[in-house]
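Accompanying notes for the structure given below.
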Amino acid sequence: MRSSLWPVPVLGIVLAIGLGIGLPALDEALARDGANPLIFVFGGGPSAARDLLAAIAGSLISVTGLTFSFTVVALQLSSSQHSPRLLQTFVTDRVVQLTLAQLVATFVYALTVLRTVRSESSTEDESAFVPHLSITVGFALTLISVVALVLFLGHLARSLRVETMYRDVHDEATQTYARELPDRDEEPVPALPHGPDTQLRARSSGFVVDVDPDPVVAAAAECGAVVLLAARIGDSVVEGTPLASAWPAAVGGEVDVDTVEKAVNRAVRLEFERSPNRDIAYSLRKVVDIVVRALSPGTNDPTTAVHGLSHVSALLGELVSRPPRPSAFRDDEGVLRLVVPQWDVATLVRLGVEEPIQFASGQPAVLRRLAGLLREVAWRAPRGAVDEVVEEYLRQVIDLARESTSVPRSETEDWTREVADALAGRWVPTRPEGSVVRG
């Protein structure tokens, strides 16, 4: 529901229909004595009421369609320049959802109230009726819609800036980390049973976006098994390939493959695209996409890449300081039944820096920022957790700087010393050239 555009506008339509039915009924109740005390609010007759409501409905639906058509075109151009996955961020934007809800709700409200306006009939059982209060509310909703439209256009202009895109993706990642990253005092996952395992195959294809542990835990407890998923949340699964492995909990036991396999396929939710709700690597992937696009020959925007690498550093720093751990699920008796794997720190660092290094040839500012990123990640990581991967990518950055740029060798030697200090838990401030330290 959070990743869809339609729920909030549909809720607005339902509320508009209820308001469009309820307020005219209130108007009619107030007018039964022959004099409506609210006539000062809207003083027109049936013809004026119809014209006003028809104008509101016609103009709003036209403006809604035209505005969002232009918006989609602008976002397509932006996504082609930065990353197609940013369209998903736009869809989940609350400002977009609320603006669309306001516009379509006002349109539906005007149509619903329009059906209650009656002219005087020749028959005696039907007299003229104008819902004065309802029309006034419709006019107020129209003014609010105009204000919402202006605010939305300003929000859209800000949203198309790459800095705002970075911020939105960063906020998205922060929310995911708050839900998914473990507490520092969380217990480690116990060891899996020894011996040969049984492969459980996937019965459909897609990206893993969620895992419901209850069906697997119940089936594994019934069959006396322990299950390890082969795919992390965010991984791609292909039908017919191993989705999980199972071991008998007792030595010499057997696994009921069909029962456990059905439970695993029912528990693992697959979709056609990744979702940031539980996938800790997806938002980082989006930022890296923007950085790589900025470094492509067709764009050649190192400033955007440097800005993006700062976000990569912040996200990686949060990940390495709170290392993701596999999730373990037990049955009612406390027996381990399911283990869901998680992204490891080395893989996440590789995701953040591998592709930018490949495209950073001939970009001194980008290479300097990559060296700084590795230093920052080394400082925030627990001692010894990322030493090998950081040193590996630092060597690549230094080799690339010496081969493709005019960065002095003395500067690359400083990079090596600074990263080594950070890995050892020391942070020596970089002093301005020519500065003098007075004792």
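The values are calculated or read from the model by the stated rules, or taken from the named source; none is laboratory data. Because the structure is predicted, anything quoted here is derived from the model rather than measured. FYI the Cβ positions are ideal-geometry reconstructions off the backbone, even for glycines, and counts take in every protein chain you see. SASA here: full protein model, heavy atoms, side chains in, ligands and nucleic acids out. Shrake-Rupley method; radii C 1.70, N 1.55, O 1.52, S 1.80 Å.
Go ahead and run the numbers for FRET between GLN358 and ARG409, Cβ-Cβ distance against an R0 of 25 Å, rounding to 0.05. Don't jump to the answer; show the numbers that get you there.
Values: r = 23 Å, r/R0 = 0.90.
The computed FRET efficiency comes out at 0.65.
Sorted by mean Cβ packing within 10 Å, highest first, what order do the peptides 364-373, 340-349, 231-240 take? Please list the in-between numbers first.
Working: 364-373: 22.2, 340-349: 19.0, 231-240: 16.9.
Per-residue mean Cβ counts within 10 Å order the peptides as 364-373, 340-349, 231-240.
Taking the chain as a Gaussian network, where each spring joins two C-alpha atoms under 10 Å apart, which residue of LEU66, LEU315, LEU295 fluctuates the most?
Top of the fluctuation ranking is LEU66.
If you scale each eigenvalue of the Cα gyration tensor by 5 and take the root, what three semi-axes come out for the chain, rounded to whole angstrom and sorted largest first?
The equivalent ellipsoid of the chain has semi-axes of 55, 35, 18 Å.
Say R0 is 45 Å: what FRET efficiency, to the nearest 0.05, do SER62 and ALA365 get from their beta-carbon distance? Don't skip to the answer; put the middle values down first.
Values: r = 47 Å, r/R0 = 1.05.
The formula returns an efficiency of 0.45 here.
Return one number: the angle in degrees, 0 to 90 and rounded to the nearest 10, between the long axis of the Cα atoms of helix 282-295 and the longest principal axis of the Cα atoms of the chain.
That helix lies at roughly 80 degrees to the long axis.
Could you order peptides 318-325, 284-291 by the average number of other Cβ atoms within 10 Å of their residues, highest first? The partial results should precede the final answer.
Numbers: 318-325: 19.4, 284-291: 23.8.
Sorting 318-325, 284-291 by mean packing, highest first, produces 284-291, 318-325.
Once the whole set of protein chains is in place, how much accessible area is left on ILE61, using a 1.4 Å probe, in Å² to the nearest 10?
80 Å²
Give me the angle, in degrees from 0 to 90, between the Cα long axis of helix 162-180 and the longest principal axis of the Cα atoms of the chain, rounded to the nearest 10.
80 degrees
Where both partners of a DSSP beta bridge lie in the chain, what percent of those bridges are antiparallel, to the nearest 5?
Values: 20 of 22 bridges.
Here the share of antiparallel DSSP bridges comes out near 90 percent.
For the ranges 143-149, 132-138, 330-336, 350-356, what's the packing order if you count other beta-carbon atoms within 10 Å of each residue, average per peptide, and put the highest first? Numbers along the way, then the final one.
Details: 143-149: 15.7, 132-138: 23.1, 330-336: 11.9, 350-356: 20.0.
So the peptides 143-149, 132-138, 330-336, 350-356, ranked by packing, come out 132-138, 350-356, 143-149, 330-336.
Just want the answer: with Cβ charges of +1 for Lys and Arg and -1 for Asp and Glu, which residue in SER327, ALA305, VAL255 is farthest toward the dipole's positive end in segment 212-351?
Toward the positive end, the furthest listed residue is ALA305.
Any idea of TRP427's accessible area? Nearest 10 Å², probe 1.4 Å.
Roll a 1.4 Å probe over it and TRP427 shows about 110 Å².
Mind giving me the FRET efficiency for ALA48 and LEU98? R0 is 35 Å, r the Cβ-Cβ distance, nearest 0.05 is fine. Mind showing how you got there, number by number?
Details: r = 31 Å, r/R0 = 0.88.
It comes to 0.70.
Using the alpha-carbon atoms, what tilt in degrees (0 to 90, nearest 10) does helix 302-321 show relative to the longest principal axis of the chain?
Taking Cα atoms only, the helix is inclined about 70 degrees.
At 1.4 Å probe size, with no ligands or nucleic acids counted, give the accessible surface of HIS307 in Å², nearest ten.
60 Å²
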